[in-house]
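The values are calculated or read from the model by the stated rules, or taken from the named source; none is laboratory data. Worth saying up front: this structure is predicted, and the values here are computed from it rather than measured. Cβ placement follows ideal geometry from the backbone for every residue including glycine, while neighbour counts extend to all protein chains displayed.
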Amino acid sequence: MFSNIQNQLFNNHILSLSQFDRMMLEDLIQAILYMKTHGMPNALSGKVIGSCFMEPSTRTRLSFDVAIKRLGGHVIGFDNNENTSSRKGESLSDMMCVISSYVDAIILRHPKEGSAYLASQLSSVPIINAGDGSNQHPTQTVLDLFSIYESQNTLDGLTILCVGDLKYGRTVHSLIHALSYFKVQFIFVAPEGLQLPQYLIEDLDHNHIAYEVYSHLEKAIPQADIIYMTRIQQERLDDTEYQYLVTPYLLKKAMLKKAKSNMKILHPLPRLNEIELAIDHTPFAYYFQQATNGMYARMALLTLLLNKQAHWGTLT
Amino acid sequence: MNSIKTTVHQVEAICHGTVIDHIPVGQGLKILKNLQLLESKTRITVGFNLPSKIMQLKDLIKIESRLFAKKEADKLAIFAPNATINLIQHYKIMQKDKMKLPDSIEGLFACPNLNCITHDEAIVSKFKLLQQKENTALTCIYCERRFLQNMLKMI
Ligand SMILES: [Zn+2]
């Protein structure tokens with residue numbers, strides 16, 4: 001069942017969403033589903049994974065650490081650049097050459113775009129990109145996609161409402177890219193100045209994906225199967241600007257009265273105040289399940305990278 | 001062939017060498033810079049804003065005593081995708097080729113994205129090329145950002 005993805009991911013790198021196609025994403029979703037229902041406690045037994053976080057990202061790091069431990073593997077590494085030699089001027093290139101000689105795979109988080117691709121050119125073991133600047137964070141995209149599938153039981157025929165910082169939001173860009181392989185339509189709601197970049201609009205047109213742009217959040221909600229909320233980085237705006245610009249784009253419980261019953265809200269977390277706390281206890285909230293799915297998605301990806309033939313059992 | 005002959009006479013004819021013709025106006029200078037022949041002793045004749053039947057105006061470059069290899073010529077295609085390369089021997093056109101855009105280009109441009117890893121490490125830039133109507137789009141293989149050719153600066 002996973003023959004396709006196994007052949008392509010085994011001993012390979014996970015750098016960017018552009019390396020996946022629809023079939024691989026569908027296989028991957030099945031693999032994550034298997035991880036979630038059965039687990040695979042020995043998939044990484046005897047393996048050591050290097051976890052190199054050159055900028056802090058506690059959630060992503062913890063999620064990978066737990067995934068590795070649940071698969072029976074070991075983690076070494078560091079979680080910021082305080083103690084590493086990059087401060088003494090060692091290049092990423094040198095560091096990747098050295099670390100890849102110690103471990104079976106490297107998880108790399110780095111503030112510069114393209115760092116993961118560079119690492120993949122130098123490393124003798126698989127590289128997993130855990131975020132390269134504002135470019136890619138493929139494991140996040142995979143877990144987002146899986147959460148949409150899990151909550152709707154399909155990825156086709158859905159209306160995805162994307163809200164917030166659509167200009168700088170890396171997660172939403174990658175998700176739009178990934179969903180473009182499926183029959184979806186988008187609604188975009190963003191404050192002025194934070195709208196989706198033109199090149200992404202062109203990609204949507206090129207892929208014949210339908211989209212609409214709404215200025216009023218509440219009016220868009222009744223159509224949505226998924227609301228994908230993103231954080232609006234407060235440091236990009238001053239306080240008055242923030243109040244004025246952002247307030248209409250914060251999701252309140254009262255706005256959900258006309259929401260579809262199957263509608264789920266996702267957020268890459270951590271949130272600031274984009275989602276009112278009162279929503280947490282409604283059936284619409286799905287962001288904590290989404291965070292849990294991050295662990296299963298990473299378990300599935302690590303297993304596929306390091307096992308040519310995993311015993312997936314049978315799934316229907 | 002007639003039009004070529006007329007063109008060739010717009011600037012002094014060469015005996016042996018390469019004529020790059022039908023260069024979009026303004027791109028001639030960039031090609032010259034890229035050829036890095038300006039400091040060498042190679043004799044180069046240049047025509048800017050020459051009249052052209054096909055393009056109205058065009059740039060033209062003649063390089064004496066040097067025959068361009070196909071690969072060498074294709075590298076210049078980024079500046080002039082529709083230019084023609086004429087190889088001249090004894091005042092005659094021996095070979096005439098249309099430039100072809102290569103799939104990728106290395107070391108020619110710096111990535112305009114200042115947060116791209118290529119600026120921090122000792123690595124050669126590389127872009128994938130895609131012809132889009134009038135313009136050429138370049139995608140940095142490192143940071144995956146896409147740029148139009150006129151946004152890029154040569155290294
Ligand atoms: Zn770049």
Of all residues in segment B:135-155, which are in contact with a Pro (Cβ under 9 Å, 6 or more places away or on another chain) and either within 11 Å of the ligand (Cβ to nearest atom) or assigned to a loop (DSSP other than H, G, I, E, B) (or both)? B:140, B:145, B:147, B:152
Would you mind stating whether residue A:155 is assigned by TED's automatic domain parsing to the domain that holds residue A:227, aliphatic (A, V, I, L, M) and either in contact with a Ser or Thr (Cβ under 7 Å, 6 or more places away or on another chain) or surrounded by fewer than 19 Cβ atoms within 10 Å (Cβ to Cβ) (or both)? no
Would a scan of segment A:144-166 turn up a residue that is away from chain B (no Cβ under 14 Å), closer than 22 Å to residue A:110 by Cα, in a loop (DSSP other than H, G, I, E, B) and touching a Cys at 6+ places or on another chain (Cβ under 9 Å)? no
Say we look at segment A:96-122 and pick out the residues that are in a loop (DSSP other than H, G, I, E, B) and within 14 Å of another protein chain (Cβ to nearest Cβ); which of these is surrounded by the fewest Cβ atoms within 10 Å (Cβ to Cβ)? A:111
Evaluate the following for residue B:66: is it under 30 Å from residue A:133 (Cβ atoms) and either away from chain A (no Cβ under 14 Å) or in contact with a Ser or Thr (Cβ under 6 Å, 6 or more places away or on another chain) (or both)? no
Just give me the residues in segment B:108-130 being more than 19 Å from residue B:26 (Cα to Cα) and more than 13 Å from the ligand (Cβ to nearest atom), in sequence order. B:122, B:129, B:130
For segment A:24-47, the count of residues that are assigned to a loop (DSSP other than H, G, I, E, B) and charged (D, E, K, R) equals 1
Residues that are surrounded by fewer than 19 Cβ atoms within 10 Å (Cβ to Cβ) and either at pLDDT below 95 or β-branched (Val, Ile, Thr) (or both), drawn from segment A:280-309: A:282, A:292, A:308, A:309
Just a yes or no: is a residue in segment B:61-80 of a type outside the set (Asp, Glu), part of a loop (DSSP other than H, G, I, E, B), in the same structural domain as residue B:22 (by TED's automatic domain parsing) and under 30 Å from residue A:17 (Cβ atoms)? no
